[in-house]
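Q: The structure follows.
Values quoted throughout were computed directly from the atomic coordinates according to the rules given, and no laboratory measurement underlies them. What you see is a predicted model; the values in this text were computed from it and never measured. Note that we place each Cβ from the backbone using ideal geometry, even for glycine, and neighbour counts take in every protein chain shown.
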Amino acid sequence: TEQPDCQSPTLAVIGTVSSCYPDKFGIPRQPSLAPSATATLQLHPPFDHPDAVRGLEQFSHLWLTFLFHHSPERWTPLVRPPRLGGNTRIGVFASRSTHRPNRLGLSLVELAGVDTDDGVRLHLRAHDLVDGTPVVDIKPYLPWADRADQASGGFAADPPDLLPVSFTRDAEQQLDRHPEADRLAPLIREVMAQDPRPAYRRGDRDDHRYGARLHDVDVRFRVTHDEAGSRVIVEAVV
Ligand code: SAM
């Protein structure tokens with residue numbers, strides 16, 4: 001019998017993600033940080049058979065194994081996690097860096113629905129995947145097996161701090177006019193509260209204007225600093 005090539009395995013892409021995040025910029029560092037993020041995972045033939053997902057609808061959460069297809073193939077043993085300010089180095093295997101051998105990502109996402117009317121489409125929420133991400137495996141999350149109550153979280157023990165977010169009048173009006181304002185508003189708040197700026201900008205005086213695309217809008221923002229701390233000001237939703 002033919003043995004699989006386990007020295008240099010090839011992976012089949014089983015599906016592709018259509019995401020509320022058109023670009024990498026702005027995507028939170030882990031899926032649970034933006035519960036309002038939505039995506040659809042469309043399975044490809046021959047994996048798009050309804051039998052392949054029979055029973056999956058019983059689960060609330062899934063593990064997705066995917067390719068960091070927007071990351072370079074080169075990797076280095078040390079990386080600089082944004083969590084440590086972007087200057088301190090740590091081993092690539094002690095990190096969730098996107099610059100890693102094999103470029104495999106692992107995300108725990110919410111399963112919002114399974115649609116098998118025409119091929120297979122999985123509706124996802126609370127994810128951290130850029131549009132077009134190739135997925136190589138899906139597994140249901142088993143709370144009794146996959147949750148470790150006594151776990152220690154190393155240098156990323158707690159969720160990142162959130163910044164307060166406010167909208168200018170213009171931005172508020174632009175958002176209100178959007179046909180999907182109710183869906184968009186919580187996502188903008190969740191993403192902006194993470195402070196999407198590059199790690200090295202944080203703590204600085206920073207007069208830059210930034211833009212992050214979410215769904216079909218460009219969210220323009222800046223971050224102000226005063227004695228009370230930093231705050232994200234959304235200046236336009238266009
Ligand atoms: N939860 C996954 C993990 O732990 O393997 C991903 C963590 S990684 C720190 C999260 C970042 O990956 C996001 O902020 C986004 O910028 C980036 N990202 C998402 N999809 C990607 C893709 N297909 N290629 C490269 N980078 C991606």
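Q: Which angle between 0 and 90 degrees, to the nearest 10, do you get for helix 181-193 versus the longest principal axis of the chain when only C-alpha atoms count?
A: Rounded to the nearest ten degrees, it is 80.
Q: Another one. Would you mind classifying the range 165-237 by shape? Square roots of the alpha carbon gyration tensor eigenvalues, ordered a ≥ b ≥ c; an a/c under 1.5 is rounded, otherwise it is prolate if a/b is larger than b/c and oblate if not.
A: Values: a/c = 2.20, a/b = 1.83, b/c = 1.20.
Here the range 165-237 falls in the prolate category.
Q: Could I ask something else about it? Which of the three applies to the range 15-156, rounded, prolate or oblate, going by the alpha-carbon gyration tensor with a ≥ b ≥ c and a/c under 1.5 meaning rounded?
A: On the way: a/c = 2.00, a/b = 1.57, b/c = 1.27.
Prolate.
Q: Here's another thing I want to ask about it. If you place +1 on the Cβ of every Lys and Arg and -1 on the Cβ of every Asp and Glu, how big does the dipole about the Cα centre of the range 1-111 come out, in debye to the nearest 20? Intermediate values should be presented prior to the final figure.
A: Values: 10 positive and 8 negative charges, 165 e Å.
In debye, rounded to 20, the range 1-111 gives about 800.
Q: If packing is taken as the mean number of other Cβ atoms within 10 Å per residue, what is the order of 120-130, 21-31, highest first? Write down the numbers at each step before the final one.
A: On the way: 120-130: 22.5, 21-31: 18.8.
By packing density, highest mean first, the sequence is 120-130, 21-31.
Q: Looking at the square roots a ≥ b ≥ c of the eigenvalues of the Cα gyration tensor of the chain, which shape do they give, rounded for a/c under 1.5, prolate if a/b is larger than b/c, or oblate? Could you put the intermediate results ahead of the total?
A: Details: a/c = 2.01, a/b = 1.36, b/c = 1.48.
Because a/c hits 1.5 or more and a/b fails to exceed b/c, the chain counts as oblate.
Q: Now for a different question. How about the range 63-113: which trypsin sites (Lys or Arg not before Pro) there are in a DSSP loop, with at most 12 other Cβ atoms within 10 Å of their Cβ?
A: Values: sites: Arg74, Arg83, Arg89, Arg96, Arg103; in loops: Arg74, Arg89, Arg96.
When the trypsin sites (Lys or Arg not before Pro) of the range 63-113 are filtered for loop state and at most 12 Cβ neighbours within 10 Å, Arg74 remain.
Q: Highest mean first, how do 165-172, 36-43 rank when packing is the count of other Cβ atoms within 10 Å averaged over residues? Numbers along the way, then the final one.
A: Values: 165-172: 15.5, 36-43: 20.8.
Per-residue Cβ counts within 10 Å, averaged per peptide and sorted highest first, yield 36-43, 165-172.
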